[in-house]
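Read-outs throughout are calculated quantities, based only on the coordinates presented, and are distinct from any laboratory measurement. Quick caveat: nothing in here was measured; it's all calculated off a predicted structure. With ideal geometry, Cβ positions are generated from the backbone for all residues, glycine too; neighbour counts draw on all protein chains shown.
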Amino acid sequence: MKLFDSHCHLDDSVYDKDIDDVIKRANEAGVSAMMIVGTNKDSSTRAVALAKSHSGLYASVGIHPHDAKNCSEQVLLYLIKLAKSKKVRAWGEIGLDFNRMYSPRKDQEKWFVRQLESADELDLPVIFHERDSNGRLLEILKEKHGKERKGVIHCFSGNKSELYQYIELGFYIGITGILTIKGRGAELRKLAPLIPADRILVETDAPYLTPAPEKNRTKRNEPAFVKSVLLKLAEARKEDPEYLSDIIWKNTCKLYNLHKFI
């Protein structure tokens with residue numbers, strides 16, 4: 001199987017001592033490409049630098065809703081310049097998070113919209129983060145949705161109605177290790193067969209959301225474990241894993257416009 005971890009955070013300091021081994025294990029597991037996702041100015045800078053230093057690694061830049069209170073036009077200009085690198089294939093992780101409220105709602109919404117505009121200007125797909133926004137993210141997307149905008153709903157954990165609305169808007173659905181967890185992933189396993197095959201991506205969100213069975217021996221997630229997500233997804237959809245992995249590889253390359261590079 002040829003796998004693409006469409007969302008990970010290899011710039012995280014937990015990988016500082018063994019990043020080369022982490023990438024090697026991913027490659028040995030069939031993970032040929034990884035998207036390192038930026039969450040703030042510093043994170044985005046590290047993500048791009050890491051992507052430049054290894055083949056098969058790509059990066060996104062953006063300000064996570066948790067960090068929205070620290071965003072500014074100056075920061076956006078910096079990210080726009082950073083995004084000129086050929087290794088930058090997306091804008092994100094951006095969106096709304098009304099769960100922990102690390103940034104005020106007004107700041108989250110303001111900089112979410114501004115970043116949508118920046119992504120559109122650069123013609124980059126968007127990596128969306130949504131948690132407990134009670135429909136507000138969808139509302140903004142419908143108000144500000146450009147017909148040509150591509151994107152993925154990172155770590156989808158919504159209901160059937162939200163799923164169908166995202167699909168109607170033309171977005172991909174990112175599936176994480178939550179799918180593999182017996183209790184927490186039960187509803188997601190029910191919804192998985194409803195996602196059109198050409199709209200699915202798999203991701204780890206490493207170092208977070210370690211899937212089963214790996215979570216029984218380590219807390220730290222890593223891209224190699226995306227294979228467990230793919231296998232559980234194939235099981236939930238009653239599809240052949242190799243068949244599904246091929247489709248998902250093509251989906252991810254299409255979203256990130258990587259056909260010229262892979």
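Results, tabulated for the structure shown:
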item: Estimated inter-spin distance, I167 and D21, nm [label 7 Å along Cα→Cβ]; result: 4.2
item: Likely footprinting exposure, L116, L77, L179, fewest C-beta neighbours within 10 Å first; result: L77, L116, L179
item: The chain - percent relative contact order, Cα under 8 Å, separation 6 or more; result: 20
item: Amide H contacts under 5 Å for G151, placed H, 5+ residues apart; result: V126, Y172
item: Which of A33, L50, S13, positive extreme of dipole for the stretch 1-50 (C-beta unit charges); result: A33
item: Gyration tensor over alpha-carbon atoms, the chain, equivalent ellipsoid semi-axes in Å; result: 25, 22, 17
item: Inter-label distance for D198 and I247, nm, one decimal - labels placed 7 Å from Cα along Cα-to-Cβ; result: 1.1
item: Residue order, fewest to most beta carbons within 10 Å, for I19, I262, I94; result: I262, I19, I94
item: DSSP H segments from the chain that extend 15 Å or more along their own axis, Cα-based, with Kyte-Doolittle mean of -1.0 or above; result: 41-53, 226-237, 241-255
item: Contour minus Cα-Cα distance for D123 and K260 (0.36 nm per residue); result: 47.7 nm
item: Protection-proxy order for peptides 234-247, 33-46, 128-141, each taking the mean of Cβ atoms within 10 Å per residue, highest first; result: 33-46, 128-141, 234-247
item: Ranking of H66, H145, H154 by count of other Cβ atoms within 10 Å, fewest first; result: H145, H66, H154
item: Sequence ranges 68-75, 185-192, ranked by mean other-Cβ count within 10 angstrom, highest first; result: 185-192, 68-75
item: Cβ-placed point charges (K, R +1; D, E -1), dipole of the stretch 3-255 about Cα centre in debye, nearest 20; result: 180
item: Reference-scaled alpha-carbon Rg (2.2 N^0.38 Å with N residues) for the stretch 1-118; result: 1.10
item: Semi-axis lengths (Å, descending) of the ellipsoid that matches the C-alpha gyration tensor of the stretch 105-256; result: 26, 17, 15
